Amino acid sequence: MCTSPQNRPLIEKAITFYGAGSMAEAIVQGLVSRSVMRPEDITMLNRSNSVRLQELKERYHVKVSNDVQEKMDILRHSPVIVLAMKPKEAAKALKELGPLLSDDQLLVSVIAGLSIETAHNLLGKKQPLARTMPNTSSSIGMGTTGISFSKNIDNAMRQLVLTLFEAVGNVMVIEEDKMDILTGISGSGPAYFYYLMEAMTAAGIRGGLTADQSRELTLQTILGAARMVQVTGEHPSVLRAKITSPNGSTQAALERLDQGDFFETVISAVNRCVERSREMGAVLKEQTS
(Lines give C-alpha, C1' and ligand atoms only; values in the text may rest on other atoms or scores of the structure.)
Protein backbone atom coordinates (compact mmCIF):
# COMPACT_ATOMS: atom_id res chain seq x y z
CA MET A 1 0.00 0.00 0.00
CA CYS A 2 1.47 3.35 -1.04
CA THR A 3 1.84 6.19 1.43
CA SER A 4 0.54 9.51 0.14
CA PRO A 5 2.89 12.50 0.33
CA GLN A 6 0.57 14.11 2.89
CA ASN A 7 0.88 11.10 5.20
CA ARG A 8 4.60 10.59 4.85
CA PRO A 9 6.62 10.91 8.04
CA LEU A 10 9.29 13.62 8.24
CA ILE A 11 12.00 10.97 8.68
CA GLU A 12 11.86 7.84 6.54
CA LYS A 13 15.28 6.38 7.39
CA ALA A 14 15.42 3.58 9.94
CA ILE A 15 16.86 4.65 13.29
CA THR A 16 18.30 2.41 15.99
CA PHE A 17 18.43 3.55 19.60
CA TYR A 18 21.44 1.84 21.19
CA GLY A 19 20.23 2.11 24.76
CA ALA A 20 16.65 2.16 26.02
CA GLY A 21 16.68 4.43 29.05
CA SER A 22 14.54 7.45 29.89
CA MET A 23 16.15 9.80 27.38
CA ALA A 24 15.82 7.32 24.52
CA GLU A 25 12.19 6.73 25.47
CA ALA A 26 11.46 10.47 25.67
CA ILE A 27 12.74 10.98 22.13
CA VAL A 28 10.94 7.93 20.77
CA GLN A 29 7.70 8.97 22.45
CA GLY A 30 7.97 12.38 20.83
CA LEU A 31 8.78 10.96 17.39
CA VAL A 32 5.93 8.44 17.45
CA SER A 33 3.24 10.60 19.06
CA ARG A 34 3.92 13.45 16.63
CA SER A 35 4.05 11.07 13.61
CA VAL A 36 7.60 12.15 12.76
CA MET A 37 8.55 8.50 12.23
CA ARG A 38 6.75 5.23 11.70
CA PRO A 39 7.14 3.00 14.78
CA GLU A 40 8.28 0.13 12.57
CA ASP A 41 11.28 2.22 11.46
CA ILE A 42 12.51 2.52 15.05
CA THR A 43 14.52 -0.18 16.81
CA MET A 44 15.50 -0.04 20.48
CA LEU A 45 18.33 -2.13 21.92
CA ASN A 46 19.64 -2.74 25.41
CA ARG A 47 22.02 -5.18 27.05
CA SER A 48 19.77 -7.58 28.91
CA ASN A 49 16.54 -6.06 30.24
CA SER A 50 13.90 -7.97 28.29
CA VAL A 51 11.07 -6.68 30.49
CA ARG A 52 11.98 -3.08 29.70
CA LEU A 53 12.15 -3.80 25.97
CA GLN A 54 8.80 -5.56 25.97
CA GLU A 55 7.24 -2.56 27.72
CA LEU A 56 8.64 -0.22 25.06
CA LYS A 57 7.46 -2.50 22.27
CA GLU A 58 3.91 -2.60 23.65
CA ARG A 59 3.86 1.12 24.43
CA TYR A 60 5.21 2.48 21.13
CA HIS A 61 5.00 -0.51 18.74
CA VAL A 62 8.71 -0.23 17.92
CA LYS A 63 11.11 -3.08 17.19
CA VAL A 64 13.30 -4.27 20.08
CA SER A 65 16.16 -6.68 20.69
CA ASN A 66 18.79 -7.66 23.24
CA ASP A 67 20.00 -10.78 21.45
CA VAL A 68 23.75 -10.38 20.97
CA GLN A 69 24.00 -11.62 17.39
CA GLU A 70 20.82 -9.90 16.28
CA LYS A 71 21.98 -6.63 17.81
CA MET A 72 25.29 -6.81 15.93
CA ASP A 73 23.44 -7.34 12.66
CA ILE A 74 21.07 -4.44 13.36
CA LEU A 75 23.94 -2.11 14.24
CA ARG A 76 25.89 -3.16 11.18
CA HIS A 77 23.07 -2.18 8.83
CA SER A 78 21.28 0.72 10.56
CA PRO A 79 21.76 4.01 8.65
CA VAL A 80 21.34 6.04 11.86
CA ILE A 81 22.33 4.94 15.36
CA VAL A 82 21.46 6.99 18.44
CA LEU A 83 23.98 6.32 21.20
CA ALA A 84 21.81 6.39 24.33
CA MET A 85 23.50 4.04 26.76
CA LYS A 86 24.65 5.06 30.25
CA PRO A 87 28.02 6.89 30.29
CA LYS A 88 29.58 4.08 32.34
CA GLU A 89 28.67 1.60 29.57
CA ALA A 90 29.70 3.83 26.66
CA ALA A 91 33.41 3.03 26.38
CA LYS A 92 32.95 -0.73 26.04
CA ALA A 93 29.95 -0.33 23.73
CA LEU A 94 31.72 2.10 21.37
CA LYS A 95 34.87 -0.01 21.17
CA GLU A 96 32.72 -2.97 20.12
CA LEU A 97 30.63 -0.84 17.76
CA GLY A 98 33.47 0.71 15.75
CA PRO A 99 34.45 -2.38 13.73
CA LEU A 100 30.82 -2.96 12.72
CA LEU A 101 30.33 0.42 11.08
CA SER A 102 30.66 1.55 7.49
CA ASP A 103 31.60 5.12 6.58
CA ASP A 104 28.08 6.18 5.60
CA GLN A 105 26.42 5.37 8.93
CA LEU A 106 25.46 8.35 11.09
CA LEU A 107 25.90 8.32 14.86
CA VAL A 108 23.92 10.62 17.14
CA SER A 109 25.13 10.75 20.74
CA VAL A 110 22.93 11.77 23.67
CA ILE A 111 25.57 10.68 26.21
CA ALA A 112 26.44 13.41 28.72
CA GLY A 113 30.12 14.35 28.72
CA LEU A 114 31.10 12.28 25.69
CA SER A 115 33.06 14.53 23.34
CA ILE A 116 33.28 13.96 19.61
CA GLU A 117 37.03 13.36 19.87
CA THR A 118 36.60 10.78 22.64
CA ALA A 119 33.83 9.04 20.72
CA HIS A 120 36.04 8.82 17.62
CA ASN A 121 38.93 7.45 19.66
CA LEU A 122 36.72 4.82 21.28
CA LEU A 123 35.26 3.83 17.91
CA GLY A 124 38.71 3.71 16.35
CA LYS A 125 37.52 5.81 13.41
CA LYS A 126 36.18 9.29 12.60
CA GLN A 127 32.57 8.29 12.07
CA PRO A 128 30.08 11.03 11.09
CA LEU A 129 28.73 12.05 14.48
CA ALA A 130 26.39 14.58 16.06
CA ARG A 131 26.85 15.26 19.75
CA THR A 132 23.54 16.28 21.27
CA MET A 133 22.10 17.12 24.65
CA PRO A 134 18.29 16.94 24.64
CA ASN A 135 16.06 16.92 27.69
CA THR A 136 13.13 14.72 28.60
CA SER A 137 10.56 17.36 27.62
CA SER A 138 11.16 16.00 24.10
CA SER A 139 8.54 13.38 24.97
CA ILE A 140 5.80 16.02 24.64
CA GLY A 141 7.38 18.02 21.81
CA MET A 142 8.68 20.69 24.18
CA GLY A 143 12.32 19.63 24.37
CA THR A 144 15.42 21.74 24.10
CA THR A 145 18.41 20.17 22.33
CA GLY A 146 21.92 21.46 21.88
CA ILE A 147 23.80 20.01 18.89
CA SER A 148 27.42 20.00 17.75
CA PHE A 149 28.58 18.25 14.58
CA SER A 150 31.77 16.44 13.69
CA LYS A 151 33.71 18.00 10.81
CA ASN A 152 33.12 15.06 8.47
CA ILE A 153 29.32 15.13 8.61
CA ASP A 154 27.61 15.96 5.31
CA ASN A 155 24.67 18.29 4.72
CA ALA A 156 22.11 15.50 4.39
CA MET A 157 23.17 14.00 7.72
CA ARG A 158 23.18 17.42 9.37
CA GLN A 159 19.64 18.08 8.14
CA LEU A 160 18.43 14.69 9.34
CA VAL A 161 19.71 15.41 12.86
CA LEU A 162 18.10 18.85 12.86
CA THR A 163 14.80 17.38 11.67
CA LEU A 164 14.98 14.65 14.30
CA PHE A 165 15.24 17.08 17.20
CA GLU A 166 13.24 19.99 15.76
CA ALA A 167 10.35 17.53 15.60
CA VAL A 168 10.41 17.18 19.39
CA GLY A 169 11.24 20.74 20.44
CA ASN A 170 13.69 23.60 19.95
CA VAL A 171 17.22 23.15 18.65
CA MET A 172 20.36 25.18 19.23
CA VAL A 173 23.51 24.44 17.21
CA ILE A 174 26.51 25.41 19.32
CA GLU A 175 30.28 25.04 19.47
CA GLU A 176 31.16 21.82 21.22
CA ASP A 177 33.07 23.55 24.02
CA LYS A 178 29.74 25.08 25.14
CA MET A 179 27.99 21.71 25.43
CA ASP A 180 28.71 21.22 29.14
CA ILE A 181 27.18 24.55 30.16
CA LEU A 182 24.17 23.80 27.97
CA THR A 183 23.87 20.50 29.87
CA GLY A 184 23.81 22.44 33.13
CA ILE A 185 21.10 24.81 31.91
CA SER A 186 18.71 22.81 29.74
CA GLY A 187 19.84 19.18 29.82
CA SER A 188 19.38 18.87 33.58
CA GLY A 189 17.27 22.02 33.93
CA PRO A 190 13.83 20.37 34.08
CA ALA A 191 14.88 18.64 37.30
CA TYR A 192 15.53 22.01 38.99
CA PHE A 193 12.02 23.17 38.21
CA TYR A 194 10.51 19.86 39.32
CA TYR A 195 12.36 20.26 42.63
CA LEU A 196 11.04 23.81 43.02
CA MET A 197 7.54 22.53 42.28
CA GLU A 198 7.93 19.83 44.94
CA ALA A 199 8.83 22.49 47.52
CA MET A 200 6.01 24.86 46.54
CA THR A 201 3.48 22.02 46.59
CA ALA A 202 4.70 20.91 50.01
CA ALA A 203 4.31 24.47 51.32
CA GLY A 204 0.72 24.54 50.11
CA ILE A 205 -0.10 21.22 51.76
CA ARG A 206 1.49 22.31 55.04
CA GLY A 207 -0.57 25.49 54.82
CA GLY A 208 -3.83 23.54 54.62
CA LEU A 209 -4.49 23.04 50.91
CA THR A 210 -5.21 19.59 49.56
CA ALA A 211 -2.44 17.91 47.59
CA ASP A 212 -4.43 18.36 44.35
CA GLN A 213 -5.11 22.02 45.03
CA SER A 214 -1.50 22.76 45.86
CA ARG A 215 -0.23 20.86 42.85
CA GLU A 216 -2.60 22.64 40.46
CA LEU A 217 -1.77 26.09 41.84
CA THR A 218 1.97 25.39 41.59
CA LEU A 219 1.70 24.00 38.08
CA GLN A 220 -0.35 26.86 36.68
CA THR A 221 1.86 29.44 38.38
CA ILE A 222 5.02 28.07 36.77
CA LEU A 223 3.34 27.67 33.38
CA GLY A 224 2.03 31.22 33.54
CA ALA A 225 5.36 32.70 34.60
CA ALA A 226 7.24 30.97 31.78
CA ARG A 227 4.60 32.06 29.27
CA MET A 228 4.81 35.67 30.50
CA VAL A 229 8.53 35.77 29.77
CA GLN A 230 7.96 34.20 26.37
CA VAL A 231 5.03 36.40 25.31
CA THR A 232 6.16 39.77 26.68
CA GLY A 233 9.84 39.40 25.83
CA GLU A 234 10.65 41.18 29.07
CA HIS A 235 13.58 40.16 31.24
CA PRO A 236 12.58 38.04 34.26
CA SER A 237 14.02 40.70 36.58
CA VAL A 238 11.63 43.29 35.10
CA LEU A 239 8.62 41.02 35.50
CA ARG A 240 9.71 40.19 39.04
CA ALA A 241 9.97 43.89 39.94
CA LYS A 242 6.44 44.53 38.62
CA ILE A 243 4.89 42.18 41.18
CA THR A 244 7.18 43.04 44.09
CA SER A 245 5.63 45.88 46.07
CA PRO A 246 7.87 47.59 48.67
CA ASN A 247 7.39 45.95 52.07
CA GLY A 248 4.81 43.62 50.54
CA SER A 249 4.38 39.85 50.89
CA THR A 250 6.26 39.05 47.67
CA GLN A 251 9.23 41.11 48.81
CA ALA A 252 9.19 39.31 52.15
CA ALA A 253 9.28 35.94 50.37
CA LEU A 254 12.15 37.00 48.09
CA GLU A 255 14.12 38.32 51.06
CA ARG A 256 13.80 34.91 52.68
CA LEU A 257 15.13 33.29 49.49
CA ASP A 258 18.03 35.74 49.52
CA GLN A 259 18.82 34.76 53.11
CA GLY A 260 19.53 31.32 51.70
CA ASP A 261 21.58 32.87 48.88
CA PHE A 262 19.05 31.50 46.39
CA PHE A 263 20.46 33.27 43.30
CA GLU A 264 24.04 32.13 43.82
CA THR A 265 22.94 28.67 44.93
CA VAL A 266 21.17 28.13 41.61
CA ILE A 267 24.25 29.31 39.72
CA SER A 268 26.41 27.01 41.86
CA ALA A 269 24.09 24.08 41.13
CA VAL A 270 24.33 24.69 37.37
CA ASN A 271 28.12 24.94 37.63
CA ARG A 272 28.29 21.70 39.59
CA CYS A 273 26.27 20.01 36.85
CA VAL A 274 28.78 21.36 34.32
CA GLU A 275 31.69 20.04 36.40
CA ARG A 276 30.09 16.62 36.70
CA SER A 277 29.52 16.47 32.95
CA ARG A 278 33.20 17.23 32.41
CA GLU A 279 34.20 14.66 35.02
CA MET A 280 32.19 11.97 33.21
CA GLY A 281 33.80 13.06 29.95
CA ALA A 282 37.25 12.78 31.48
CA VAL A 283 36.51 9.24 32.67
CA LEU A 284 35.45 8.27 29.16
CA LYS A 285 38.53 9.91 27.67
CA GLU A 286 40.76 7.86 30.01
CA GLN A 287 39.25 4.69 28.58
CA THR A 288 40.38 5.45 25.03
CA SER A 289 43.85 4.03 25.71
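The values are calculated or read from the model by the stated rules, or taken from the named source; none is laboratory data. What you see is a predicted model, and the numbers here were worked out from it, not measured in a lab. For neighbour counting, all protein chains shown are included, and Cβ atoms are generated from backbone atoms with ideal geometry for every residue, glycine included.
Observations on the structure shown:
- Positions within segment 233-264 being surrounded by 11 or more Cβ atoms within 10 Å (Cβ to Cβ) and polar (S, T, N, Q), in sequence order: T244, T250, Q251
- S268 of a type in the set (S, T, Y) and either more than 27 Å from V110 (Cα to Cα) or surrounded by 15 or more Cβ atoms within 10 Å (Cβ to Cβ) (or both): no
- Filtered residues of segment 171-219 (kept if in contact (Cβ under 8 Å) with a residue 40 or more places away in the chain and charged (D, E, K, R)): E176, D180
- Counting only strands (runs of 3 or more DSSP E) that fall entirely inside segment 60-139 and contain at least 1 residues that are without any contact (Cβ under 8 Å) to a residue 40 or more places away in the chain, the qualifying elements are 63-65, 106-109, 129-133.
- Number of residues in segment 41-59 that are closer than 17 Å to D73 by Cβ and part of a helix (DSSP H, G or I) equals 2.
- In segment 149-162, residue nearest to L83 (Cα to Cα) [restricted to those that are surrounded by 15 or more Cβ atoms within 10 Å (Cβ to Cβ) and either among the β-branched types (V, I, T) or out of contact with any helix residue (DSSP H, G or I) (no Cβ under 8 Å at 6 or more places or on another chain) (or both)]: V161
- Residue under evaluation V51, criteria (1) modelled with pLDDT of 95 or more; (2) loosely packed, with under 14 Cβ neighbours inside 10 Å; (3) hydrophobic (A, V, I, L, M, F, W, C), criterion not met: (1)
- Residue satisfying all of: in segment 88-113; touching a Lys or Arg at 6+ places or on another chain (Cβ under 7 Å) and closer than 24 Å to A282 by Cα; modelled with the lowest pLDDT among these: G113
- Qualifying residue in segment 129-148 (condition: at pLDDT 95 or above, in contact with a helix residue (DSSP H, G or I) (Cβ under 8 Å, 6 or more places away or on another chain) and closer than 15 Å to L75 by Cβ): yes
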